[in-house]
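Asks: My structure is below; once you've seen it, I'll send some questions.
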2 protein chains.
Amino acid sequence: MKIKPANPKGVKDLLPREMARRNYILDKLREIFSKYAYQNIQTPAFERLDTLMGKYGEDEKLLFKILNSGEYLHDETVQTLLKSEIYDAKEITPKIATKGLRYDLTVPLARYVAQHQNDLSFPFKRFQIGAVWRADRPQKGRFQEFTQCDIDIVGSKTNLHEIEILYIINDFIQEIGLKAKVHINDRKIFDAIGQLLKLDDSQKKQISILIDKKEKISAESYSNELTEILANEKDFEDNTKFNNFIDIMNSTTIDDLIQKGIPKEATESLQFILENAPNPELIQFDLHLVRGLDYYTGTVFELKPIDINIGSIGGGGRYDDLTSLFGLERMNGIGFSFGLERIEFCLDQKEIFEFKSSNMIRIIILHLIENTKELISLRKNILENASKNLIIDIYPEKSKLDKQFQYADKNKFDYALIYGDSEQKQGKINIKNLKTFQQETLNLDDLTKFINKNI
Amino acid sequence: MKIKPANPKGVKDLLPREMARRNYILDKLREIFSKYAYQNIQTPAFERLDTLMGKYGEDEKLLFKILNSGEYLHDETVQTLLKSEIYDAKEITPKIATKGLRYDLTVPLARYVAQHQNDLSFPFKRFQIGAVWRADRPQKGRFQEFTQCDIDIVGSKTNLHEIEILYIINDFIQEIGLKAKVHINDRKIFDAIGQLLKLDDSQKKQISILIDKKEKISAESYSNELTEILANEKDFEDNTKFNNFIDIMNSTTIDDLIQKGIPKEATESLQFILENAPNPELIQFDLHLVRGLDYYTGTVFELKPIDINIGSIGGGGRYDDLTSLFGLERMNGIGFSFGLERIEFCLDQKEIFEFKSSNMIRIIILHLIENTKELISLRKNILENASKNLIIDIYPEKSKLDKQFQYADKNKFDYALIYGDSEQKQGKINIKNLKTFQQETLNLDDLTKFINKNI
């Protein structure tokens, strides 16, 4: 029986070219994270369901659950279930699945910090890069498996870390040549606006949801929905609150906000961060940024490319309490997550990345003689003595020259070494530049010297 | 409600020190794989169950299956199932799970090659590093999630690749300072022995299983089981076959084998490989190595540390046909897989790896003044102008000196920069070596120069 070769819907393979681009990005991120003293950790792909459940609100339905036991459910379990006549999937699932694939790297981090608190020193600065899984409906550009690159500082309140994260973002986008802005806001300001306008909790919640989707709806619907939320119940004609809200939200500076009655305490952290940002061009103060997640309590930020229509390619914020659910109280922190697939998309759009690791030179030794041994020693010699970063392949078997050049072309080799019977007799070798098609004949003994000097 | 902070049984977290060791190994492997022109690819963590099923024999029960749909089974599915009164888990499972976590990287490779054949050029040399999952009973040193580092060449018959793989192994163990031997054999020789002794298929199968477990059982049980398999049904006293088999299996060279009647054709590949091995010390010709997996048809090898009792830390072999199940015929190939967790174990045993990336120097800027801004610029300046590979942290907030030194100590910093109020006034800075406790006072402007020159 033949099986259709297909990966599951919603997830994807990476071809060598795509993986090279991914590694290019990951290398930069790892290097920058390390430079700022973040330490790498790892957690398993799956967590206990009691770790994951109750953390993601509505999105809990997007958790992938793993069937108990390696192979099949135990017959007894199935029989017991069936005999119990429970017809409700919600009731049955916990009996047949107790593990789930992680949905993000934040809940695993909280669990990790609580579990290993005695092995860690706080403030704990960690980075983690790994796949996460969400059972979203598969659609273009949105996958069920994707990669998050997270940095978090756990156990520290100082806004120094926001600045550090801005430096990291700045270094990263400069290194990969991407134009982007960090939109930044503070939940404390949003709370202060609510207090100033005497909004109740329900109104605040509704407005935060509305602001979150502002870019996705028309100005008219935004205005209508806002009117509805802020309407004066006694006097429908009175739109004071609406006007005040719009007025405050139009502020473009912190001074503006303070003049309109927002207390200074609510703006102090943001003020400090803006003053210390690595590059004023990088930052966009954005009162309309709230970020949906419930656990943020201070700074929130999102990284958005300037000239690519993709929304955000990263986001994060400050939280007062990450781990108390796991029994570890008073753990402040702040984190930021880079979305790898979206960054890859940007590099693709801007054609920033070319397949071919920048500092590696790719050489192919053509296979023109019977004596494989000589080709093997040739490679060994070059690898051991050349001072360049080389990738060296030997064409696997003696075959037609054009077939070998085809392989060299498809695999983007930079140089071909041509060593046939006549070269062998004369102790010579030809090196051909596969871009310019220039060819040089050398004494075999001079090859490494030539490579070190000329390529 | 408090939730117990615990990862699922059978999988583990990596602490920063463990992850640093892992990254050290992975960096070496990636570098070496690339040098020999292997290209990196990636496949998703889960595959369709029809891709995975029927490939692993008895071990199929170790596949982790993923429940259909993001959240719960659909109520209708459950109801239909229950009404059908199927009480057998084997019947029910396929109706509620159609995806599974990958069990190795080989079956996904076969699926990948068949699926993307038009985007690849053959011979296709790829490496892939990733977690695989097996629902083994959790036990010491054996995990349900572990990492394989695979290289394969698909679409080529030449034994050049065996030699290439030996070079890769040799480079790798030398780089990480591990003593190990590659045990090597050829399935063709095993087949030839079977033919010479006129063994039937069942005998061959039984012997291959017996040989595979030779190291795990006593010499006596081995001998007894072998006698039983090779007994002459007509004459129980006749142990010719047994003696002949033992005699042949005691051969230590290929010449030995040929003298005992094994045809030269069966030994030619191995002869060629042994002659071209990078280092004769590395290789151990081992007639008792067969490797259980059904798909191997030629060379088989395993990498075993010499002085650490852990069995093999890698293995692989040649296969005639990897992809025909997926509709792509005649794809020869050869592969080798390094077991990351086992290599980590070896490095741990030999205390080869020290926490602290070898070429990174870790500096902490103590936080002794109010003006954070100055500390931030200080770091910025050093990072931009120093020629060394530096990791620089700033202690997050002004606090007691001994608390800050404790943090520096726990996080293995090499140097501390001490810049308090009096240094600030004088334009000086102190740099303290945290190993020797030597301290130098410098002009602030000379700091980078000092770092470049002296640390």
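Asks: Which value, to two decimals, describes the C-alpha radius of gyration of region A:296-357 once divided by 2.2 N^0.38 Å?
Replies: 1.56
Asks: Taking each residue of A:45-52 in turn, how many C-beta atoms of other protein chains fall within 10 Å of its C-beta, and what is the average?
Replies: 5
Asks: When only DSSP loop residues count, what trypsin sites (Lys or Arg not before Pro) in region B:214-254 have their Cβ near at most 16 other Cβ atoms within 10 Å?
Replies: Working: sites: B:Lys214, B:Lys216, B:Lys234, B:Lys241; in loops: B:Lys234.
Those satisfying the criteria are B:Lys234.
Asks: Quick one: 3J(HN,Hα) in Hz for region A:303-317, Karplus 6.51/-1.76/1.60 with θ = phi - 60°, rounded, Gly and Pro as x.
Replies: Result, rounded to whole Hz: 9, 10, x, 7, 10, 10, 8, 9, x, 9, 10, x, x, x, x.
Asks: Between B:Lys264 and the same site in the other copies, what are the distances in nm, shortest first, taking label points 7 Å from Cα along the C-beta direction?
Replies: In nanometres, ordered from closest: 9.7.
Asks: For region A:405-451, which chymotrypsin sites (Phe, Trp or Tyr not before Pro) pass both filters: DSSP loop (anything but H, G, I, E, B) and at most 16 other C-beta atoms within 10 Å?
Replies: Filter output for region A:405-451: A:Phe437.
Asks: OK, next. With an 8 Å cut-off on Cα pairs and a minimum separation of 6 or more residues, tell me the relative contact order of chain A in percent.
Replies: Once divided by the residue count of chain A, the mean separation gives 14 percent.
Asks: Using a Förster distance of 45 angstrom, determine the FRET efficiency expected from the C-beta separation of A:Leu444 and A:Asp119, and round it to 0.05.
Replies: 0.20
Asks: Let me ask something else. Multiply the residue separation of B:Ala6 and B:Thr98 by 0.36 nm, subtract the distance between their alpha-carbon atoms, and state the gained length in nm to one decimal.
Replies: Answer, rounded to one decimal: 30.3 nm.
Asks: Using only the Cα atoms, work out Rg/Rh for region A:319-396, with Rh taken as the Kirkwood radius, to two decimals.
Replies: Numbers: Rg = 24.6 Å, Rh = 17.8 Å.
Ratio value, two decimals: 1.38.
Asks: If you rank A:Thr158, B:Thr297 by fewest surrounding Cβ atoms within 10 Å, what's the result?
Replies: In order of increasing Cβ crowding within 10 Å: B:Thr297, A:Thr158.
Asks: Report, by chain and number, residues whose modeled amide H sits under 5 Å from the one on A:Asp186, excluding near sequence neighbours (fewer than 5 apart, same chain).
Replies: Sorted by chain and number, the residues that satisfy this are A:Val300.
Asks: Something else now. What number does the protein assembly as shown give for Rg over Rh if you use C-alpha atoms and the Kirkwood radius? Don't skip to the end; give the middle numbers.
Replies: Values: Rg = 31.6 Å, Rh = 31.4 Å.
Ratio of gyration radius to Kirkwood radius: 1.01.
Asks: At each listed q (0.09, 0.11, 0.13, 0.14 Å⁻¹), what is the log10 of I(q)/I(0) that the Debye formula gives for chain A modelled as equal alpha-carbon point scatterers?
Replies: Here the Debye-derived log intensity ratios amount to -0.80, -1.02, -1.21, -1.31.
Asks: Rg over Rh of region B:145-245, using C-alpha atoms and the Kirkwood radius, what does it come to?
Replies: Details: Rg = 18.8 Å, Rh = 17.0 Å.
Checking Rg against Rh, the ratio lands at 1.10.
Asks: To continue, here is another question. Counting DSSP beta bridges with both partners in region A:361-454, what percentage is antiparallel, nearest 5?
Replies: 55 percent
Asks: Once you put a point 7 Å from the Cα of A:Ser202 and another 7 Å from the Cα of B:Ser202, both along the Cβ direction, what distance in nm separates them?
Replies: Here the answer is 7.9 nm between the modelled labels.
Asks: Could you tally the net charge around A:Asn381, taking each other residue with its Cβ under 11 Å from the Cβ of A:Asn381, Lys/Arg +1 and Asp/Glu -1?
Replies: Once positives and negatives cancel, what remains is -1.
Asks: Same structure again: How large is ³J(HN,Hα), in whole Hz, for each residue of region A:144-153 in order, when computed from phi with the Karplus curve 6.51 cos²θ - 1.76 cosθ + 1.60 and θ = phi - 60°, using x for Gly and Pro?
Replies: Taking θ as phi minus 60°, the curve returns 7, 10, 8, 10, 10, 10, 10, 10, 9, 10 Hz for region A:144-153.
Asks: If I model a spin label at A:Gln426 and A:Asn371 as a point 7 Å from the Cα along the Cα→Cβ vector, what separation in nanometres do I get?
Replies: 1.8 nm
Asks: List the residues, sorted by chain then number, that are 5 or more residues from B:Thr297 or on another chain and whose placed amide H is less than 5 Å from its amide H.
Replies: It is B:Arg318, B:Tyr319, B:Asp320, by chain and number.
Asks: Taking the Cβ-Cβ separation of A:Ser223 and A:Lys61 as r and a Förster radius of 35 Å, what is the calculated FRET efficiency to the nearest 0.05?
Replies: Approximately 0.65, to the nearest 0.05.
Asks: Once the Cβ-Cβ distance between B:Asp255 and A:Asp348 is put in as r, and R0 is 60 Å, what FRET efficiency do you end up with, to the nearest 0.05?
Replies: 0.55
Asks: Taking the Cα-to-Cβ direction at A:Asp247 and at B:Glu31 and moving 7 Å from each Cα, how far apart do the two end points lie in nm?
Replies: 6.4 nm
Asks: Amide H neighbours of B:Asn332 under 5 Å, counting only residues 5+ apart in sequence or on other chains, H built in-plane at 1.01 Å?
Replies: Excluding prolines and chain starts, which carry no amide H, the hits are B:Gly155, B:Ser156.
Asks: With only alpha-carbon atoms counted, please give the Rg and Dmax of region B:361-454, in Å.
Replies: 12.1, 32
Bear in mind that the values in this text are calculations on the coordinates, not laboratory data. Note that the structure is a prediction, hence the values are computed from the model and not measured. FYI the Cβ positions are ideal-geometry reconstructions off the backbone, even for glycines, and counts take in every protein chain you see.
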